[in-house]
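What follows is a single structure, written as structure tokens, with notes after it.
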Amino acid sequence: MTLAAQSETLLEASAEDSRPPEVQAAAVVLAYLDNTQLAVRHKAFEVLKELATQTVARALEGKSIHITTLNLKTGVAPDIAKDPSAWLSPHWARLIEAEKEWREGMIAAARRERSEFIPRLEKLQGNPSTYRILADPLPHEGAPEPVSLVPQGGIYYTPESITAPGAWLSKALNAGIVPWTAAARWSLMLTVMTGLIAVLILAWLLLYFGIRVTRPLSPADVTTVFVFLMLIAGVASVFRFFGELFDLRIVMAPSLLTPLSKDNVTLELRPSTVDTAGELVFARYTSTCPICNASVELFDGGKDFPGRIVGRCRRSAREHVYSFDHARKIGRPLRESAS
Ligand SMILES: [Zn+2]
């Protein structure tokens, strides 16, 4: 927190557009990490934060922005008695893996920071190996969404696409995005319809043999009926789920489809536009609670906020509740006491 605060002060002190691209990209990293709080939860992201902080500090001092393994380890884990490269290599691998998931969030952070650049990580093999943040130009969209102002006492959400392990569904899920093609639509419909037909056949069998039974009812019969009712409930919830997804465009993803370590994931249907084809996207939106500084994650609104998805703070989940505006990526406080 102190490092981020320091670097923020340094950044504000410098002129807006005259900062070198790499410094702007590093500032985007810090803004992204600040709102998502990833650096608090994962060591690998703490390494990323250290890399960005050192990049900014060194660039402002006019030094090289190639950061060595030892620099990073000294900044993050000075007390661990381990060879620096052995210590760093799993964290670095995790960051490279996460790069494709954070792209959308870094673009959003860059827009909010009015930066022209987004970060890309690079490792230069050598003796010693060095690491740096490269600056890629912000991709230009035809008509980018305007950055929404954060409401009084409210928050803004940072998106992150999720590698869904629903990878059993398709290889395309590797980046958390499924092209919403005719083939995808048909295979989904076939799956749902097969489930429905199976339940209907079961219902028919149950009735057909049920009315022929003359002996008294046994506990096994009750179990059969119970299992059948469970199946009906399952099929009904699948229909309700897809109904909501197609009507409302965003739902909380069922945990069956998302990795256990990554709950609070939404499933979005992004319609096709002039630029892109339609997509099914697994995404996670996070923010930082302005009241207590803990991370905010998305939940189904439940009984308190029916029909809505809300952001709840991890520290005071019942009181620090925020709305979730999917289009504008902002939220206002929903509890009066919280405002
Ligand atoms: Zn809170």
| field | Estimated distance in nm for a label pair at Glu97 and Leu207, the labels positioned 7 Å out from Cα along Cα-to-Cβ | value | 5.1 nm
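Summing -39500 (n - 2.57) over the DSSP H runs of n ≥ 4 in the chain and dividing by its residue number, what mean residue ellipticity at 222 nm do you reach, to the nearest 500 deg cm²/dmol? Walk me through the numbers on the way to the answer.
Numbers: 8 runs with 146 residues, N = 339.
It comes out at -14500 deg cm²/dmol, rounded to the nearest 500.
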| remark: In order over region 73-88: 3J(HN,Hα) from phi, Karplus 6.51/-1.76/1.60, θ = phi - 60°, whole Hz, x for each Gly or Pro, gives 5, 4, x, 9, 9, x, 8, 7, 7, 8, 4, x, 6, 5, 5, 7
| What is the total of Lys pairs in region 2-138 with C-alpha atoms under 22 Å apart, excluding same-chain pairs fewer than 8 positions apart? | 15
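Starting with the highest mean, order 214-227, 59-72, 319-332 by the number of other Cβ atoms within 10 Å, averaged over the residues of each peptide. Before the final figure, lay out the partial values.
On the way: 214-227: 9.6, 59-72: 15.4, 319-332: 19.1.
The peptides rank, most packed first, as 319-332, 59-72, 214-227.
Given a Förster distance of 25 Å, report the FRET efficiency between Leu248 and Ser187 from their Cβ-Cβ distance, rounded to the nearest 0.05.
Rounded to the nearest 0.05, the efficiency is 0.65.
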| Can you list the residues, at least 5 places off or on another chain, whose amide H is less than 5 Å from the amide H of Thr68, using H built in the peptide plane? | Tyr131
| field | Under the Karplus curve 6.51 cos²θ - 1.76 cosθ + 1.60, θ = phi - 60°, whole-Hz ³J(HN,Hα) for region 194-199, x wherever Gly or Pro sits | value | 4, x, 5, 5, 4, 5
| field | Angle between the chain longest axis and helix 21-36 axis [Cα atoms, degrees, rounded to 10] | value | 40 degrees
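What size of dipole, in debye to the nearest 20, comes out for the chain about its Cα centre when the only charges are +1 on Lys and Arg C-beta atoms and -1 on Asp and Glu C-beta atoms?
Working: 36 positive and 35 negative charges, 180 e Å.
So the magnitude is around 860 debye.
Relative contact order for the chain: what percent, with Cα pairs under 8 Å and sequence separation of 6 or more? Intermediate values should be presented prior to the final figure.
On the way: 489 pairs, mean separation 54.5, N = 339.
This gives 16 percent for the chain.
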| Pair-distance profile P(r), taking every C-alpha pair of the chain, with 20 angstrom steps and integer % | 26, 49, 20, 6, 0
| request: Pop a pseudo-label 7 angstrom from the Cα along the beta-carbon direction at both Glu141 and Arg314 and give the gap in nm to one decimal. | output: 2.8 nm
| task | For region 191-327, build the convex hull from the C-alpha positions and give me its volume per residue in Å³. | result | 170 Å³
| message | Could you tell me the relative contact order of region 179-338? Use alpha-carbon pairs under 8 Å, at least six residues apart, and round to a whole percent. | response | 13 percent
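Each value in this text was obtained by applying a stated rule to the coordinates, not by laboratory testing. Keep in mind that what you see is a predicted model, and the values were worked out from it rather than measured. Using ideal geometry, Cβ is built from the backbone for each residue, glycine included, and neighbour counts are taken over all protein chains shown.
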